[in-house]
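Encoded as structure tokens, the structure appears first; notes follow it.
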Amino acid sequence: MTARKQARPRTLLILGASGDLTKRLLLPGISSLIASTVPADREMVAGLRIVGSGRSKRSRSDWQKQVEAALAEAGVRAADARALVAAADYVVADPTSKDDLNQIIEGIDAGGSSSASQGPDAGDVAGLIIYFALPPAIVLTVADALSKLSATATKILETAVLAVEKPFGSDSRSAATLNRRLLKVVSEEQIHRVDHFLGMATVLNLVGLRFVNRLIEPIWNADNIEKVEIVYDEDLGLEGRAGYYDTSGALVDMLQSHLLQVLSIVAMEAPASIDPVDFRAATAQVLRATEVWSGPPVLSGTTLPSRRARYTAGTVGGDARTGETGRGRSMPAYAKEKGVDPSRETETLAEMVVEVNTRRWAGVPFVLRSGKAIGVPRKEIILTLKPVGFVPRGLTGTERPERIVVGLKPSSVTLELTMNGDGDPFGLDRHDLSATLDAAPITAYGEVMRGVLGGDPTLSIRGDVAETCWRIVAPVLNSWRRNEVPLEEYRAGSEGPAAWGRDITPH
């Protein structure tokens, strides 16, 4: 990836630093860069000062302990962590207040925040990164506040980078509004819209798998592929995220964002190069051509291109197929979870069928699915191949189609092939050729931060793409709001509603 030229970032200001995202994902991502064996990764973080900010009252010492703990958990040596921890600072502030933002940003420019911490020389302002680790409901307000700061703070922001977490708005109109607000603060190339699925090693490995292998590249099209499925089923429940999840659900939380981004890489044409302009143009082209499926029914039991459900009480961790609970953990019904408003009828399992209207993919259904509290977690991309045109008489056995299965967690690639030779020399059977990939040394959020800190927007979502993804799911969201698609139920720990059958065959 080619980074745009800029001064090395020295101050990372995390708005919402007291939240779960910072502790669970952001700090571990930075830590994985420090622990990297690649010198360029470590150099990228050298001299970085992490300034946390939030409404929660905490001392600089408390924040430094949190940073230190995150580094230690990621395997960073104490000697390597010492400078970063010592430079870390925390400021209690309301991120929606322009007065508070003025104070923080001007304080960073002056060589510290409201405390006497060490920082950059006065007047040398290059390299400020503002990371929005904030609830989606206030992001627009914060962006608006940043556009109304003092002349001094505004001058500082001229060279700043803004990193914004998904969701980007709540529909295409609000996404466009957010884009306009952000562009009042900085230019488009200074905005990193974060979707950490684009930083997952296996998702990035798709690029090499597709375009470098002679075996794979010629068959990656509608002439050879019957169906594509992108599945991300988890055995986790809300995990304390009811405040956000209950207003979004599986469709917005996963399909509208993460899985559409994965689809864009699965379906894109070969870019001229892996640089920010070419790579993002290729993925954007796919999403512009994507819309809700209009062909014959794909999902069993319904003529509609989408369906939804939410979990009832059950046990997760047993055997979802036999109903054996074993040593699984009990989970209450979603509607009974703390912080959930049952009247919202929020789905925890969503399926949507889309099509990519290009020559390569015309007529191929793409099934996107994600659910919570599923008994058998599955995180994979499945490409089902069309049958061959002719099979000689005398070959007998399995009629299951061949598949290419790309595992997202754990990372793997499997070719499911039909072969003969065991026992009856002309009897066909299924055989798998599988490779498990080594765990990536850099976490998905580490890849995100590598791009943010290095000024490389390759894995950042363009503003127009953020709007396009809302346009794609709008017909589904509208049909659900009109109750044209029933909200079904499934027991926590099961594979989903029994009536849904086995549309997506387990690997």
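Note on the stretch 385-422: among residues that are outside any loop (DSSP other than H, G, I, E, B), polar (S, T, N, Q) and closer than 18 Å to ASP432 by Cβ, the one that is nearest to the chain's Cα centre (by Cα) is SER412. Got at least one residue in the stretch 431-442 being at pLDDT below 95, in a strand (DSSP E or B), farther than 22 Å from THR202 by Cα and not β-branched (Val, Ile, Thr)? Yes, the stretch 431-442 contains a residue that is at pLDDT below 95, in a strand (DSSP E or B), farther than 22 Å from THR202 by Cα and not β-branched (Val, Ile, Thr).
Being crowded, with 18+ Cβ neighbours inside 10 Å and either in contact with a Phe, Trp or Tyr (Cβ under 6 Å, 6 or more places away or on another chain) or of a type in the set (D, E, K, R) (or both): is that true of ARG403 here? So that I can check it myself, show each step before the final result.
Numbers: crowded, with 18+ Cβ neighbours inside 10 Å: yes; either in contact with a Phe, Trp or Tyr (Cβ under 6 Å, 6 or more places away or on another chain) or of a type in the set (D, E, K, R) (or both): yes.
Judged against the criteria, ARG403 is a match.
If ASP438 passes every condition in (1) surrounded by fewer than 19 Cβ atoms within 10 Å (Cβ to Cβ); (2) in contact with a strand residue (DSSP E or B) (Cβ under 9 Å, 6 or more places away or on another chain) but one, which one does it miss? The single condition ASP438 does not satisfy is (2).
Matching residues to (1) in contact with a Ser or Thr (Cβ under 6 Å, 6 or more places away or on another chain); (2) farther than 30 Å from SER343 by Cβ:
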| position | (1), (2) |
| --- | --- |
| ILE219 | no, yes |
| ILE225 | no, yes |
| GLY240 | no, no |
| VAL277 | no, yes |
| ALA282 | no, yes |
| ALA289 | yes, yes |
| LEU299 | no, no |
| THR302 | no, no |
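The values are calculated or read from the model by the stated rules, or taken from the named source; none is laboratory data. Since we're looking at a predicted model, the values are computed, not measured. Using ideal geometry, Cβ is built from the backbone for each residue, glycine included, and neighbour counts are taken over all protein chains shown.
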